[in-house]
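The values are calculated or read from the model by the stated rules, or taken from the named source; none is laboratory data. Given the structure is predicted, the values throughout are model-derived calculations rather than measurements. No Cβ is skipped: glycine too gets one built from the backbone with ideal geometry, and neighbour counts run over all protein chains shown. Just the protein is used for accessible areas: all its heavy atoms, side chains included, with ligands, DNA and RNA removed. Shrake-Rupley method; radii C 1.70, N 1.55, O 1.52, S 1.80 Å.
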Amino acid sequence: MDLFMMNCELLATCSALGYLEGDIYHKEPDCLESVKDLIRYLRHEDDTRDIRQQLGAGQILQNDLLPIITQHTEDKLLFDACIRLMVNLTQPALLCFGKVPDDPAFRHHFLQVTSYLQAYKEAFADEKVFTVLSETLYNLLQLGWEERAEEYNLLIERILLLVRNVLHIPADPFEEKNVDDDASVHDKLLWALHMSGLDDLLKFLACAQSEQKWSFHILEIISLMFKDQTPEMLVNAGQMRSAEEKQKDADELELLRRKELEAKRCRNLQRGNRHSRFRGSYVIEGLKSIGEKDVIFHQGLHNFKNYSHDVGKGVRRVPKRKQIARDSEMQRRSALNVRLFLREFCIDFLENCYNRLMYLVKEDLIRERAQQHDETYYLWALTFFMAFNRGQNYRPDLVSETMSIRTFHFIERNITNYYEMILTDRKGATSWYRRMHFALKAYQELLMTVNEMDRSKYDNIRQSASVIKSNIFYLMEFREIFLTLLRKFDEQTQPRSFLKDLVESTHLFLRMLERFCKGRNNLVVQKKTVKQRKRSKKTLQPETTTEDLEQTWQIVSEELLASDFQLSENLSEGSVPFDAAADTPVHEQRTEALIRIQDCLMSRSGPEALSLLHAARSVWPEGDTFGSLEVGPEEELALLKRILFTNLPRPVDSALEDDGIDLEEEEDELESVTVSESEFNFLDFVKRFANPNVVRPYFILLRSYSQNSAHTNHCIIRMLHRLAVDLKMEALFYQLSVFCVFNKILEDPAAAVYQELITFAKFVLKRFFTFSAKNSKAFVEMLFWKNVGVVREMTEGYTKDGEGSKKIVKWTTEEDRELRDLYEKHKDSRVPDIVETLIPLLSRTRLRREVVSQMVVLGLVDSVKDLKKERKGTGIVLWTEEQEQELQTLFEEYRDSDDVLGNILKHITAKRSRARVVDKILSMGLVSDRRDLYKKRKRNAPDKKTGMTEEEFFGLTGKSQELDLDQYEEEDHSEEEQESKEHINVSSGKEQKSRSQGILERNPNLRSIAQALRQQGLSGPVLWLQNSLNRTADDREEDGVSHPLPLVPLTEENEDAMENRAFQKLLRKVGIRAPVDGQESFWRIPASLSVYHLRSLAVSLDLFEETSVDGHTDADSTNCLAAEIEENTDNKELRAQALRALLLSRKKTNSSAPSEDWTSCEDSVGTEEHGDRLRVISSKKRSRVLDSDDDDDKKKDEDSVSKMNSESDIESDSKTCAAPAKRRYRRVLSDY
């Protein structure tokens, strides 16, 4: 950009900074304000970064800012402002533009900003600048934590960010055309950093316990310092070259000499001995041209070898998306003094800082306290410093922090995450592949370190390596990682360097695994089997007829009469009809006992059925289900006959119940993963590599054999040798592209150097020509990649059509016509799966795949994909940043609506299942409980037909307004009623009423126990138990899922009741499970209790059974009152009578309450004054329930407050009274 095109205001601001006279910089009086103005200008620059470009063109940093900080350091405010401005100016261009722009105009601006940054980097390569930064940082670090203010911490962070930004600036390869061992701009920058002593401060910050918050800044700066280096170059810096290195260089030189001589010989052979005046024209027999005639060759015969049909054709342009990925890494050898300084830095860092810094960084990554993608710096540091330690007199104690199974698991998890993000974020696949490459190199270095430990001379180190290897080889995830990466290799997005590291890592892993298996007879490893959940088919059992039952009963009765009802000791002691430790309630176990007795009778085992009857009678003596204790033999015989002929309700499997019913499942259908152990076989594991998707990447890398190192070529040939020789699958390589590679190797002038490659190529070609003499189709098979099945067919013989598989029945013309007619009839019926509709209508039973294939053949559909079953779930697992932002925006928009989750699922872009959206909202911290996402619906309490709870009685005042204090509690429980309850008809209400009365008749003891507890003063706990059962029933009806729910007493009265034996007896009668010793603390409502049973049990505990104040029992009157309420719920007078009955019953248990309050409440039911007083009483009761811990201390205050509230309410008659607060209990959802 031209300097004269600078904005006039910006130019005036830059002129007000000062001027440079010789080596002395004279600042202007308004220098500080000018720097702040520049910061303000940068904050408001446009998308083209015009301010940044103008400041770069004016060289403000080189001519003004750097002289200011070096010559005017004493001005703290100015120094701080200049550091802020330089941090902004030196930030990476990629951060300024977000990504490399695709638009040509913006790409020009991007490159322009990058060129200015490269000029900044050259200006920073000055020892004076880093000396000032180092001294300032040293002075700040000398301050203790109590003396270090917040602005000092900000200055420390800005200095570290400035160093980071300068080191991050890329080099310009066209400007820096330096050879190895020459000093580049980056080398000069590193040397200035070293001479200023800043490297020592970096090591101090890495190991100081009080400075651990700078750990990520330090790790990032160190990674940028070593970005052009390799561990091998630093290890060998300043040392004499070994004999192996000299021999390696000599071999490379000999290879180049042979190539040159062979090329020279070929050129000599192409020239004839004498000059030919006539070039000549030749006919190539057998090679057809475009027409029917042979090709005419118009050149000399010495050029015939180079003839090709492609000569003269234009080069076909390869699309950008199909081009092979290129390596972006450029390595060069720095100057010797820089390498020596970096080598000493590595040694000191390993001895003093590595373990602690890596521990801090790992903890921050696990706890998600780091920025996005910061794990790549951790992976780089692990790879670099462990490799340096391995080459520099390996010491395992220096890298003990990263040498563990946890590190293997961390890297494996990151590789899996990167691969899943590649599938999700296609546009950013290249960046994700680069991060995966970092993780792969870290995994490779861990394996190499373990291999180095295995060769140690110390026994404890070898033992540690053996433990690590046993864990790695045992887990399936660590064994499968290389196989998965090879199968998913993509040449267009993954560079050759990634494939090189992958092949070498696979070779190392297989070699270690093979050596580990040789020393053991049997190696047990973990094996995971993934099975799809399949719905079991419904099997209808044949119904037993009356004649069969009569015949069975005759045999059983004769057997019992013959034995005179005498049982053996084994039958008497072994019959156990009740399991006290099971979650099944007592009444359900009683039904199961009846079913067991019936099964014994059906199997004609009379004595066993009689012993079960005796045992069940001892467990359930009450009632006449199993007879009385004094029952005689004849009565037992009649009882057994009645059990045999009774149609008992047998439990039906949920899979059978759901068969044939179209259920809209909200959650994805999960695959069941079975984990087992099996004996490991190494050859069976190698067989999994015999796959064309695995073999193809090896030959892709083998194409560039001349550029590969000798070790890389050895790794390739070793894997191919395992498949061709060990597994005898050389036919897997009978492919034309493979033979082209072999031909290139055999014709190479320097073929003698690649002796291993030549030997293997000749072995495969010899086998192929031998095989082609037996199989005439071998040359056709060369055109295709082959799997194991095709290889077996090629070598053992081809199978005929229909052999080796089930014979497929052909379709007749009539069946084709029938299928076509049925399809035309039902294609517009909008059924979810038309194939499933047609299969039962066909005259002949057919499989689904047969019907689908025939529909494609008949042309009814275009492809099989059109008839695929719709899989439940979307398969989308990972969330991108944009999707998370969209989810948060939708949540903020609909958080106050009645159906938050429904609105989010309706408007979200990437459709996901309800379960995954709920889990993501919880993980993002938008809500703390998944119940907050339930649909909020209005309560419809008066429509219940199973009895009235305490909340309903308090809601009879006629007002529906809620106190502000209870609004949040109402939201927590507003989803307890479903919408279907609003449309319950009269017949269903009568049916439920009759069922509830049946439960009451079957639970007379439950009613008597509850009545006895009320007489003992435990009306509150009984009412609490009743409300808990009702709420649990509502929750299970709303959610459709049953979980064991703990009963958590929140008041002292309920806690005391839970320790009362009589109350515990009531809990057992209800079916509530006692806590398991040492594992649980609370009683639990089991998951087996249905919604109907919970509500029926709650009705059994109804408060209408309480003794009245007059001393006689009002059971009959209260029952009549309850019936009247159910028949005429709109009658306010009857509802008031019910309320009066409840309040009178509480008068006895709450003697501490003022009598005038109760009396006035009783006399004025249905009036506004009664509503006000009732609100006072209910609020006091609420206070006693929720704040019972301070009940004794605050009783007087509550009485005074209640009196004041009652007086104030009486005075304000004109105001509308609010409904009393409903008493709520916080339900505990977690399973202890």
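Annotations for the structure displayed:
- For Met403, the conditions (1) touching an Asp or Glu at 6+ places or on another chain (Cβ under 8 Å); (2) under 23 Å from Arg515 (Cβ atoms) are fulfilled apart from (1).
- Number of positions in the range 841-875 that are open to solvent by 80 Å² or more (accessible area, probe 1.4 Å), modelled with pLDDT under 85 and in a helix (DSSP H, G or I): 3
- Just one of the listed residues (Leu42, Leu65) is surrounded by fewer than 21 Cβ atoms within 10 Å (Cβ to Cβ) and in a helix (DSSP H, G or I), namely Leu42.
- Of everything listed in (1) in contact (Cβ under 8 Å) with a residue 24 or more places away in the chain; (2) open to solvent by 60 Å² or more (accessible area, probe 1.4 Å), the single unmet condition for Ile472 is (2).
- Scanning the range 890-914 for residues that are assigned to a helix (DSSP H, G or I) and surrounded by 13 or more Cβ atoms within 10 Å (Cβ to Cβ) yields Leu890, Phe891, Glu893, Tyr894, Val900, Leu901, Gly902, Asn903, Ile904, Leu905, Arg914.
- Evaluating Arg333 against the criteria (1) modelled with pLDDT under 95; (2) closer than 20 Å to Gln494 by Cα; (3) surrounded by 15 or more Cβ atoms within 10 Å (Cβ to Cβ) leaves one unmet condition, (2).
- Scanning the range 21-35 for residues that are in contact with a helix residue (DSSP H, G or I) (Cβ under 6 Å, 6 or more places away or on another chain) and either open to solvent by 80 Å² or more (accessible area, probe 1.4 Å) or modelled with pLDDT under 90 (or both) gives no hits.
- Per the listing Leu382, Leu365, Leu398, Leu360, the residue uniquely within 20 Å of Phe478 (Cα to Cα), in a helix (DSSP H, G or I) and open to solvent by less than 50 Å² (accessible area, probe 1.4 Å) is Leu382.
- Test: residue in the range 191-200 that is among the acidic types (Asp, Glu), open to solvent by 60 Å² or more (accessible area, probe 1.4 Å) and part of a helix (DSSP H, G or I): yes
- Taken over the range 136-153, the criterion of being touching a residue at least 12 places away in the same chain (Cβ under 8 Å), in a helix (DSSP H, G or I) and open to solvent by 60 Å² or more (accessible area, probe 1.4 Å) is satisfied by Tyr138, Glu151, Tyr152.
So that you can scan it fast, the table gives a plain yes or no per residue for (1) part of a helix (DSSP H, G or I); (2) open to solvent by 20 Å² or more (accessible area, probe 1.4 Å):
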{"position": "Leu1029", "(1), (2)": "yes, no"}
{"position": "Asp1034", "(1), (2)": "yes, no"}
{"position": "Glu1053", "(1), (2)": "yes, yes"}
{"position": "Arg1068", "(1), (2)": "yes, yes"}
{"position": "Ser1081", "(1), (2)": "no, yes"}
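- So Gln492, is it within 22 Å of Phe680 (Cα to Cα) and surrounded by fewer than 17 Cβ atoms within 10 Å (Cβ to Cβ): no
Conditions (1) out of contact with any Gly (no Cβ under 8 Å at 6 or more places or on another chain); (2) within 30 Å of Arg914 (Cβ to Cβ); (3) surrounded by fewer than 17 Cβ atoms within 10 Å (Cβ to Cβ); (4) modelled with pLDDT of 80 or more, marked per residue:
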position	(1), (2), (3), (4)
Gly606	yes, no, no, no
Glu630	yes, no, yes, no
Glu635	no, no, yes, no
Ala655	yes, yes, yes, no
Leu663	yes, yes, yes, no
Asp668	no, yes, no, no
Ser672	yes, yes, yes, no
Asn681	yes, no, yes, yes
Phe685	yes, no, no, yes
